[in-house]
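Rule-based calculations on the coordinates, nothing more; no lab input. What you see is a predicted model, and the numbers here were worked out from it, not measured in a lab. We place every Cβ from the backbone using ideal geometry, glycine too, and count neighbours over all the protein chains shown.
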Amino acid sequence: MRLLIMGPPGAGKGTQAEALVVKYNIPHISTGDIFRSALREGTPLGLEAKEYMDRGQLVPDDLVVSIVVDKLESLGSGSGFLLDGFPRTLPQAEALDGRLKDLGGGLDAVINIEVPPQVIVERLTGRRVCRQCSSTYHLKHNPSQVRGICDTCGGELYQRDDDSLETVQERLDVYNRQTQPLIKHYQEQGLLLSVDGTKEIPAVLEAITAALKQKEE
Ligand code: ADP
Ligand code: AMP
């Protein structure tokens, strides 16, 4: 299965991706996680990406595209995957289309999680992420069993620098300007499956898997 999951920041992409990659046994490619782990390791890529991430802006297309292309090539042409947080601009989407064509096969579906802006601010400011394994929690909607500690690996939970109130607004503006137009791009390719992301986490997962099943039939 070759999937892409999109939606505004805080829509629940990473949360749903965690379950989908287990269900479909495919690798999870999150460009945000790639940048955050590069930053943890102090690599030049991480330091360059941080400049943009801290301001709520997008990392330049050429940098992101080359990372994803390398990753897809390392998986091999027959492999499935779930792309999360990529593409975020039309040039990124076009580069992906071209690369997948070269590798012999396109996407099976694009999952679009719909959530209104007023829900997003509360979701992002309450988000907590594991420093070790990147599992995602929410103080109110999806708390860890022990406050501050990851259920999966026992790692420390932290608040992302870019989940501050000021940066969230900029990220929403960036999404509306640069990423939202991709909905039409994938709609035209007959790939888009939109789901209501305001429901509870298990209900959203159910809606996604039902939509994927229906598309396969
Ligand atoms: P994204 O990857 O789209 O930025 P996340 O998956 O990190 O979003 O989710 C953002 C925050 O909202 C996290 O704190 C997560 O626990 C919480 N969350 C995700 N899905 C839901 C949901 N359906 N209902 C309530 N909270 C959710
Ligand atoms: P995310 O974890 O998906 O919320 O991404 C966090 C930040 O990483 C974004 O606000 C961007 O600065 C950067 N980023 C992640 N994916 C991309 C992408 N596809 N294109 C450009 N920037 C990205």
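At Gln132 and Leu63, where each label point lies 7 Å from the Cα along Cα→Cβ, what is the point-to-point distance in nanometres?
Result for the modelled spin labels: 2.9 nm.
Quick check on the chain: helices-only [θ] at 222 nm, where DSSP H runs of length 4 and up contribute -39,500 (n - 2.57) each and the sum goes over total residues. Nearest 500, please. Walk me through the intermediate numbers first.
On the way: 9 runs with 104 residues, N = 217.
Taken over the chain, the calculation gives -14500 deg cm²/dmol.
Calculated FRET efficiency, Glu41 and Leu139, Cβ-Cβ r, R0 41 Å, to nearest 0.05? Provide the component values of the computation, followed by the final result.
Numbers: r = 28 Å, r/R0 = 0.68.
Working from the Cβ atoms, E equals 0.90.
Which value, in debye to the nearest 20, gives the size of the charge dipole of the chain about its Cα centre, when Lys and Arg are +1 and Asp and Glu are -1 at the Cβ? List each step's numbers first, then the result.
On the way: 24 positive and 31 negative charges, 86 e Å.
Approximately 420 debye in magnitude.
Using a cut-off of 14 Å between beta-carbons, work out the net charge of the residues near Pro27 (Lys and Arg +1, Asp and Glu -1, Pro27 not included). Can you show the working numbers first?
Numbers: positive: Arg2, Lys23, Lys71; negative: Glu18, Asp33, Asp70, Glu73, Asp84.
Spelling it out: positives minus negatives among the neighbours equals -2.
Quick check: residue separation of Lys101 and Lys199 times 0.36 nm, minus the Cα distance between them. What number comes out in nm?
Numbers: separation 98, 0.36 × 98 = 35.28 nm, distance 3.52 nm.
Full-extension gain reported as 31.8 nm.
When the label point is put 7 Å from the Cα of Glu206 along its Cα-to-beta-carbon vector, which residues of segment 1-30 have a backbone N closer than 18 Å?
So the set is 16-17, 19-20, 23.
Report for the chain the percent antiparallel among DSSP-assigned beta bridges with both residues inside it, nearest 5. Write out the running numbers ahead of the final one.
Working: 7 of 23 bridges.
Percentage antiparallel, nearest 5: 30.
Can you tell me the relative contact order of the chain? Whole percent, Cα pairs under 8 Å, sequence separation 6 or more. Display every interim value, and only then the final one.
Values: 306 pairs, mean separation 62.4, N = 217.
It rounds to 29 percent for the chain.
In nm, to one decimal, how far is the Lys71 label point from the Glu217 one, both placed 7 Å along Cα→Cβ?
Using points 7 Å along Cα→Cβ, the separation is 3.3 nm.
Over segment 58-143, what is the relative contact order in whole percent, taking alpha-carbon pairs under 8 Å and six or more residues apart?
Values: 34 pairs, mean separation 14.8, N = 86.
That works out to 17 percent.
Between Gln169 and Gln187, what is the label-point separation in nm under the 7 Å Cα-to-beta-carbon projection?
Inter-label distance under the simple model: 2.9 nm.
Report relative contact order for segment 127-217 in percent, whole number only (criteria: Cα-Cα under 8 Å, sequence separation at least 6). Walk me through the numbers before you get to the answer.
On the way: 66 pairs, mean separation 16.1, N = 91.
Computed over segment 127-217, the figure is 18 percent.
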